[in-house]
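For reference, the structure is listed below as structure tokens.
Laboratory data are not the source of any read-out in this text; all were calculated from the coordinates shown. Owing to the predicted nature of the structure, the values given are computational and were not obtained by experimental measurement. FYI the Cβ positions are ideal-geometry reconstructions off the backbone, even for glycines, and counts take in every protein chain you see.
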Amino acid sequence: MEIEWIEDYIKAQHLALESIDRIRVKEVIDVLSQANATGKKIFVCGNGGNAANASHFTTDLGKNASAAMPKPFRVMSINDNVSWMTAIGNDFSYDDVFVCQLMNHADTGDLLITSSVSGSSPNVVKALEWAREKGMTTIVLVGGRRGKCVELADYLLVVEETHYGRVEDVQMHILHMLCYAFVEKTIS
């Protein structure tokens, strides 16, 4: 029974990976390249496993990809200041934990990258709404349920799966591709 479950899980993971839209990934790589060339800031956020993915991606883009470029990416995970997030959550609302940070740091033309399995996390939706209003470019990674974030995306990457673990894993695959395109110098 357990081996069969493992086999089924792996098969489902392969299907989720195959759902990656390669053309959309290439478009986002181009957007990141342009942001780097023009010195735009890149903000990244998500909740739960996606918060961990946001931190991981920020590290990879800020260190590994930046080391391969003539100038570093200006990237920040707005998940990583726990004191600030808890102050915002306590004094205002948890729905404001990302948007309040963007208000302090983001400018027109900067990028906001969000990842959410459900696509409907209120704090992510609110950050995307604000970003669109302020003229930021929005890049959204979601699972098969899509959710409210979809309509707020300039660039949308959908993992056609609803299982949280599989979606978060594939989203991290996508985020690694976005970084390693620069590390391995695939950009032409």
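For K41, the lysines whose Cα falls under 27 Å of its own Cα, not counting residues fewer than eight places away in the same chain, are K26, K63, K71, K126, K134, K148, K185. Projecting each Cα onto the charge dipole of the stretch 2-183 (Lys/Arg +1, Asp/Glu -1 at the beta carbon, about the Cα centre), which of L178, P70, F98 comes out farthest on the positive side? Checked the options; the winner is P70. Plainly put, the stretch 84-138 has a radius of gyration that is 0.96 times its Kirkwood radius, both from alpha-carbon atoms, as the Rg/Rh ratio.
The overall shape of the stretch 2-183 is oblate: from the C-alpha gyration tensor, with semi-axes ordered a ≥ b ≥ c, the ratio a/c is 1.5 or greater and a/b is no larger than b/c. Residues S115, S121, S33 in ascending order of nearby Cβ atoms (within 10 Å, fewest first): S33, S121, S115.
Stretched out fully, how many nm does the piece from E184 to K134 gain, at 0.36 nm a residue minus the Cα gap? The partial results should precede the final answer.
Numbers: separation 50, 0.36 × 50 = 18.00 nm, distance 3.32 nm.
Once the chain is fully extended between E184 and K134, it gains 14.7 nm.
From its DSSP helices (H runs of at least four residues, each -39,500 (n - 2.57)), the chain gives a residue-normalised ellipticity at 222 nm of -16000 deg cm²/dmol.
Fewest Cβ neighbours within 10 Å first, please rank W130, W84 accordingly.
W84, W130
Shape class of the stretch 84-188 from the alpha-carbon gyration tensor: oblate, with a/c at 1.5 or above and b/c at least as large as a/b. About its Cα centre, the dipole of the stretch 2-183 is roughly 660 debye, where the only charges are +1 on Lys and Arg Cβ and -1 on Asp and Glu Cβ.
Footprinting exposure proxy ranking of V124, V159, V31, fewest other C-beta atoms within 10 angstrom first, gives V31, V159, V124.
Across the stretch 2-183, the relative contact order, built from alpha-carbon pairs under 8 Å that are at least six residues apart, equals 26 percent. Tell me whether the stretch 1-76 comes out rounded, prolate or oblate; compute the Cα gyration tensor, take square roots of the eigenvalues as a ≥ b ≥ c, and use a/c under 1.5 as the rounded threshold. It is prolate, given that a/c is not under 1.5 and a/b is the larger ratio.
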